[in-house]
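Chemist: This is the structure, below, for whatever I ask next.
The values are calculated or read from the model by the stated rules, or taken from the named source; none is laboratory data. No experiment lies behind these values; they were computed from the predicted model shown. No Cβ is skipped: glycine too gets one built from the backbone with ideal geometry, and neighbour counts run over all protein chains shown.
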Amino acid sequence: MGRYLLRRLLQLVPVFIGTTFLIYALVWAVPGDPFAGKCGERRCPDQYIAFMTEKYHLDQNVFVQYANYMKNLLQGDFGQTFSQREISDIILTSYPNTLKLALVALAIEAVIGLGAGVLTGLRRNGFLDNLVLVSTLFLIALPVFVVGFVLQWLLGVQWGIIKPTVSSEMRLSELIVPGFVLGSASVAYIARVARTSIAENRRADYVRTAIAKGLPMRRVVGVHLLRNSLIPVVTLLGTDLGALMGGAIVTEGIFGINGIGRQVFRAIVTKESATVVGIVVVLVLVYLVMNLLVDLLYAALDPRIRYE
Amino acid sequence: MSDILVSEQSAPGTGGSGRPSGRLLEVDDLRVEFRTRDGVAKVINGVTYHVDAGETLAVLGESGSGKSVTAQTIMGILDTPPGFVTGGQVRFHGKDMLRMSNEERRRIRGEGIAMIFQDALSALNPVFTVGFQIAEQFRVRRGMGRADAKKRAIEMLDQVKIPNAKSRFNNYPHQFSGGMRQRAMIAMSLALDPEVLIADEPTTALDVTVQAQIMDLLAELQRERQMGMILITHDLGVVADVADRIAVMYAGRIVEEADVYDLYAKPAHPYTMGLIDSIPRMDEKGQQLRTIKGLPPNLMNIPPGCPFNPRCPMAQPVCREKIPPLLQVGHARASACHFAEELVNRD
């Protein structure tokens with residue numbers, strides 16, 4: 001296990017370098033003058049351009065730029081925006097918000113998705129089963145912005161149950177609806193995967209053995225059946241958490257949450273290349289670590305997977 | 001598990017009286033059908049057998065003869081749907097289990113009647129250690145603490161002769177060999193000291209050499225604990241050394257029941273004769289194996305009369321019209337053949 005972990009961690013290095021280089025090259029290769037519109041209506045003064053070109057090594061080739069960037073990055077220096085704001089500062093203020101929203105969404109996915117999946121998997125073809133099948137199909141088919149705007153309008157504007165936007169305090173109660181919107185498609189997928197998994201394993205020999213041992217039904221289902229059925233669900237939840245932590249441009253936009261998705265979107269629009277790269281580098285790291293965690297969790301859940 | 005309606009019916013001559021008779025476990029005129037989209041398959045058509053403490057009953061039959069379904073019905077692990085009990089009783093200590101509440105029935109499982117399955121690899125839960133699955137019986141059913149349950153589980157592993165039981169406790173099923181897995185399965189089923197053990201083809205998935213070891217172990221444990229054992233098999237060779245009585249099943253019926261010795265010496269049903277004839281013999285080396293011609297009947301459309309008549313070398317017109325009931329022939333044996341008397345009295 002220890003050796004496996006070490007190997008996996010070492011594997012992260014080339015992946016990290018490859019992805020970040022690609023992003024760096026792509027972002028700075030976006031056509032257009034990086035100084036266009038930076039200085040209002042006027043053209044930027046030559047002095048400013050010279051200073052910025054020097055600062056970002058814009059006159060050198062992309063490899064040198066990247067090497068310089070990585071050197072600073074490894075010392076914890078994410079660089080500055082064109083307006084001299086620390087990029088690490090932007091990430092530090094907005095990332096906790098994204099994290100909170102992601103965790104709420106994940107909790108909603110796990111509770112609703114898994115709950116619906118287990119109930120329908122145990123009793124297929126009943127009323128509840130059909131209800132869940134139809135509603136999940138509905139959620140999968142609807143784009144996130146539709147679900148977001150509809151819920152915001154209905155619950156926030158028409159019925160006044162929630163505030164239409166989230167305050168800067170990011171209270172948990174405010175995050176439930178945005179969390180549901182963010183996780184809506186995944187809730188549906190998780191419900192369906194859990195349902196199939198439970199239904200498949202329900203007739204498995206080891207479940208029959210557990211019943212034949214005279215175990216109470218809730219133990220047969222809650223321990224023997226669930227533990228096996230959870231394996232695909234956990235994989236799905238894990239990879240989804242990686243995606244959720246990448247920020248939610250649409251959901252954050254709709255509910256006015258100052259998250260990483262909104263920041264990266266704003267940076268792309270305003271051609272703040274350094275900000276885009278900085279944020280995406282963090283997201284790549286998070287994603288890689290999440291994937292590693294899912295793999296380890298997978299081994300913990302299913303001992304047949306041997307990491308040698 | 002399921003709500004099972006029991007209808008009152010009994011086949012003639014099979015003693016479907018419904019009265020307690022002091023037997024440990026008895027199956028009385030049991031009828032089970034599988035309702036599928038393609039039609040209704042009558043899988044069990046009036047099976048009656050019993051087992052007492054300290055004796056081993058072997059239930060012999062081809063695939064699809066209903067021997068496993070009978071066992072599943074006894075255990076209450078029949079898949080419903082498609083399986084439905086349509087008649088008969090399963091009495092444990094004289095009490096009909098098919099009429100018990102789910103909770104009453106659950107308590108009998110493992111403690112009164114336990115079962116071991118054919119394929120221990122799929123029958124054991126792959127994500128829990130073997131030790132956990134045995135200790136679970138002591139913890140959940142006996143309310144023992146973790147340490148005590150572990151101690152008892154290791155004792156059980158010792159009893160089924162698993163070497164290094166202590167270190168094996170923490171192994172997962174996939175880390176065991178086939179024979180060891182079946183031993184672990186036996187340890188698990190015997191944990192609560194059941195009165196009846198149902199062994200559903202316990203050696204079919206194993207190598208021949210291991211088969212003998214497992215059968216010996218089962219026979220030894222059965223003798224020590226004076227359990228009643230129902231040994232389900234399609235292998236006549238396995239049965240001979242272990243069983244006291246044999247019940248032969250065909251198309252969901254018992255066609256013959258007799259002492260092991262009587263059955264081998266003088267089968268009283270043409271089907272049993274065919275089975276014994278088809279055992280490979282050392283003195284007929286080089287010759288083709290003998291078989292019973294034809295195939296078992298389609299259970300959705302069992303032929304009228306004796307279900308064996310299309311394959312029977314002795315079939316007469318009466319066999320195509322009347323179902324022969326399971327009747328006593330001679331001493332302590334029964335046969336469901338119109339010509340049972342002639343078969344028993346032949347030289």
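Chemist: Show me the helices (runs of 4 or more DSSP H) entirely contained within the stretch A:103-193 in which 1 or more residues are assigned by TED's automatic domain parsing to the domain that holds residue A:246 and closer than 30 Å to residue A:219 by Cβ.
Modeler: Values: elements: A:114-122, A:127-141, A:144-151.
Of the helices (runs of 4 or more DSSP H) lying wholly inside the stretch A:103-193, those with at least 1 residues that are assigned by TED's automatic domain parsing to the domain that holds residue A:246 and closer than 30 Å to residue A:219 by Cβ span A:114-122, A:127-141.
Chemist: Does at least one position in the stretch A:237-255 carry a residue that is of a type in the set (Phe, Trp, Tyr), modelled with pLDDT under 90 and either surrounded by 19 or more Cβ atoms within 10 Å (Cβ to Cβ) or assigned by TED's automatic domain parsing to the domain that holds residue A:290 (or both)? Please lay out each step first, then the result.
Modeler: If we filter the stretch A:237-255 for residues that are of a type in the set (Phe, Trp, Tyr), which is where we start, we get A:255.
Next, only the ones that are modelled with pLDDT under 90 stay: A:255.
From what's left, either surrounded by 19 or more Cβ atoms within 10 Å (Cβ to Cβ) or assigned by TED's automatic domain parsing to the domain that holds residue A:290 (or both): A:255.
Within the stretch A:237-255, one or more residues are of a type in the set (Phe, Trp, Tyr), modelled with pLDDT under 90 and either surrounded by 19 or more Cβ atoms within 10 Å (Cβ to Cβ) or assigned by TED's automatic domain parsing to the domain that holds residue A:290 (or both).
Chemist: Return yes or no: is residue A:196 over 20 Å from residue B:136 (Cα atoms), part of a helix (DSSP H, G or I) and polar (S, T, N, Q)?
Modeler: Values: over 20 Å from residue B:136 (Cα atoms): yes; part of a helix (DSSP H, G or I): yes; polar (S, T, N, Q): yes.
Spelling it out, residue A:196 is indeed over 20 Å from residue B:136 (Cα atoms), part of a helix (DSSP H, G or I) and polar (S, T, N, Q).
Chemist: In addition: Looking at (1) closer than 27 Å to residue B:238 by Cα; (2) more than 10 Å from chain A (Cβ to nearest Cβ), find the lone condition where residue B:34 falls short.
Modeler: All conditions pass for residue B:34, except number (1).
Chemist: Here's something else I'd like to know. How about the stretch B:83-99: which of its residues are more than 13 Å from chain A (Cβ to nearest Cβ) and either among the basic types (Lys, Arg) or without any contact (Cβ under 8 Å) to a residue 24 or more places away in the chain (or both)?
Modeler: The answer is B:91, B:95, B:99.
Chemist: Next up: Of the residues A:276, A:181, A:193, A:234, which single one is in contact (Cβ under 8 Å) with a residue 60 or more places away in the chain, in contact with a helix residue (DSSP H, G or I) (Cβ under 7 Å, 6 or more places away or on another chain) and under 26 Å from residue A:125 (Cβ atoms)? So that I can check it myself, show each step before the final result.
Modeler: Working: A:276 fails: under 26 Å from residue A:125 (Cβ atoms); A:181 fails: under 26 Å from residue A:125 (Cβ atoms); A:234 fails: under 26 Å from residue A:125 (Cβ atoms).
Residue meeting the stated conditions: A:193.
Chemist: Name the residues in the stretch B:238-280 that are basic (Lys, Arg) and surrounded by fewer than 24 Cβ atoms within 10 Å (Cβ to Cβ), would you?
Modeler: Of the stretch B:238-280, the ones basic (Lys, Arg) are B:245, B:253, B:266.
Residues satisfying the conditions are B:245, B:266.
Chemist: Continuing with this model, one more query. Quick check on residue A:82: is it assigned by TED's automatic domain parsing to the domain that holds residue A:235 and more than 18 Å from the chain's Cα centre (by Cα)?
Modeler: On the way: assigned by TED's automatic domain parsing to the domain that holds residue A:235: no; more than 18 Å from the chain's Cα centre (by Cα): yes.
The answer is no for residue A:82.
Chemist: Can you pull out the residues in the stretch A:279-308 that are among the β-branched types (Val, Ile, Thr) and away from chain B (no Cβ under 14 Å)?
Modeler: Of the stretch A:279-308, the ones among the β-branched types (Val, Ile, Thr) are A:279-282, A:284, A:286, A:289, A:294, A:305.
If the condition is that a residue be among the β-branched types (Val, Ile, Thr) and away from chain B (no Cβ under 14 Å), then A:279, A:280, A:281, A:282, A:284, A:286, A:289, A:294 are the ones that fit.
Chemist: Could you list all residues from the stretch A:187-213 that are buried (at least 24 other Cβ atoms within 10 Å of the Cβ) and either modelled with pLDDT under 90 or more than 9 Å from chain B (Cβ to nearest Cβ) (or both)?
Modeler: A:187, A:188, A:190, A:191, A:194, A:195, A:198
Chemist: Turning to a different aspect of this structure: When residue B:80 is evaluated against the numbered criteria (1) in contact with a Leu (Cβ under 7 Å, 6 or more places away or on another chain); (2) within 14 Å of chain A (Cβ to nearest Cβ), which criterion, by number, is the only one it fails?
Modeler: Going through the list (1) in contact with a Leu (Cβ under 7 Å, 6 or more places away or on another chain); (2) within 14 Å of chain A (Cβ to nearest Cβ), residue B:80 breaks only (1).
Chemist: For residue B:108, which of the numbered conditions (1) surrounded by fewer than 19 Cβ atoms within 10 Å (Cβ to Cβ); (2) at the interface with chain A (Cβ under 10 Å from one of its Cβ atoms); (3) of a type outside the set (S, T, N, Q) fails to hold?
Modeler: (1)
Chemist: Could you say whether any residue in the stretch A:9-21 is over 24 Å from the mean Cα position of the chain (by Cα), under 22 Å from residue A:266 (Cα atoms) and in contact (Cβ under 8 Å) with a residue 24 or more places away in the chain?
Modeler: As a first pass, look at the stretch A:9-21 and keep what is over 24 Å from the mean Cα position of the chain (by Cα): none.
No; the residues of the stretch A:9-21 include none that is over 24 Å from the mean Cα position of the chain (by Cα), under 22 Å from residue A:266 (Cα atoms) and in contact (Cβ under 8 Å) with a residue 24 or more places away in the chain.
Chemist: Moving to a separate point now. Among the numbered criteria (1) modelled with pLDDT of 90 or more; (2) in contact with a Phe, Trp or Tyr (Cβ under 6 Å, 6 or more places away or on another chain), which single criterion is violated by residue B:51?
Modeler: Of (1) modelled with pLDDT of 90 or more; (2) in contact with a Phe, Trp or Tyr (Cβ under 6 Å, 6 or more places away or on another chain), only one is false for residue B:51: (2).
Chemist: Could I ask something else about it? Every residue in the stretch B:226-242 that is of a type outside the set (Val, Ile, Thr) and at pLDDT below 90, please.
Modeler: In the first step, residues of the stretch B:226-242 are kept if they are of a type outside the set (Val, Ile, Thr); the result is B:226-229, B:231, B:234-237, B:240-241.
B:234, B:235, B:236, B:237, B:240, B:241, listed by residue number.
Chemist: Moving on to the next point. Mind checking which residues of the stretch B:172-194 are within 19 Å of residue B:217 (Cβ to Cβ) and not in a helix (DSSP H, G or I)? Give the steps one after another, and end with the answer.
Modeler: Pass one, the stretch B:172-194, residues within 19 Å of residue B:217 (Cβ to Cβ): B:173, B:176-194.
Hits for the stretch B:172-194 are B:176, B:177, B:191, B:192, B:193, B:194.
Chemist: Can you tell me which residue within the stretch B:30-50, out of those that are more than 16 Å from residue B:68 (Cα to Cα) and of a type outside the set (S, T, N, Q), is surrounded by the fewest Cβ atoms within 10 Å (Cβ to Cβ)? Break it down into steps so the answer makes sense when it comes.
Modeler: Residues of the stretch B:30-50 more than 16 Å from residue B:68 (Cα to Cα): B:35-40.
Those still in the list that are of a type outside the set (S, T, N, Q) too: B:35, B:37-40.
Details: B:35: 14, B:37: 5, B:38: 8, B:39: 12, B:40: 14.
Out of the qualifying residues, it is B:37.
Chemist: Does residue A:211 count as in a helix (DSSP H, G or I) and in contact with a strand residue (DSSP E or B) (Cβ under 8 Å, 6 or more places away or on another chain)?
Modeler: In short, yes.
One line per residue, one yes/no per condition, for (1) in contact (Cβ under 8 Å) with a residue 60 or more places away in the chain; (2) surrounded by fewer than 20 Cβ atoms within 10 Å (Cβ to Cβ); (3) within 24 Å of the chain's Cα centre (by Cα):
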{"residue": "B:139", "(1), (2), (3)": "no, yes, no"}
{"residue": "B:144", "(1), (2), (3)": "no, yes, no"}
{"residue": "B:153", "(1), (2), (3)": "no, no, no"}
{"residue": "B:159", "(1), (2), (3)": "yes, yes, yes"}
{"residue": "B:163", "(1), (2), (3)": "no, yes, no"}
{"residue": "B:176", "(1), (2), (3)": "no, no, no"}
{"residue": "B:191", "(1), (2), (3)": "yes, no, yes"}
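Chemist: Which number in (1) surrounded by fewer than 18 Cβ atoms within 10 Å (Cβ to Cβ); (2) under 30 Å from residue A:222 (Cα atoms) marks the one condition that residue A:76 misses?
Modeler: Result: residue A:76 passes all but (2).
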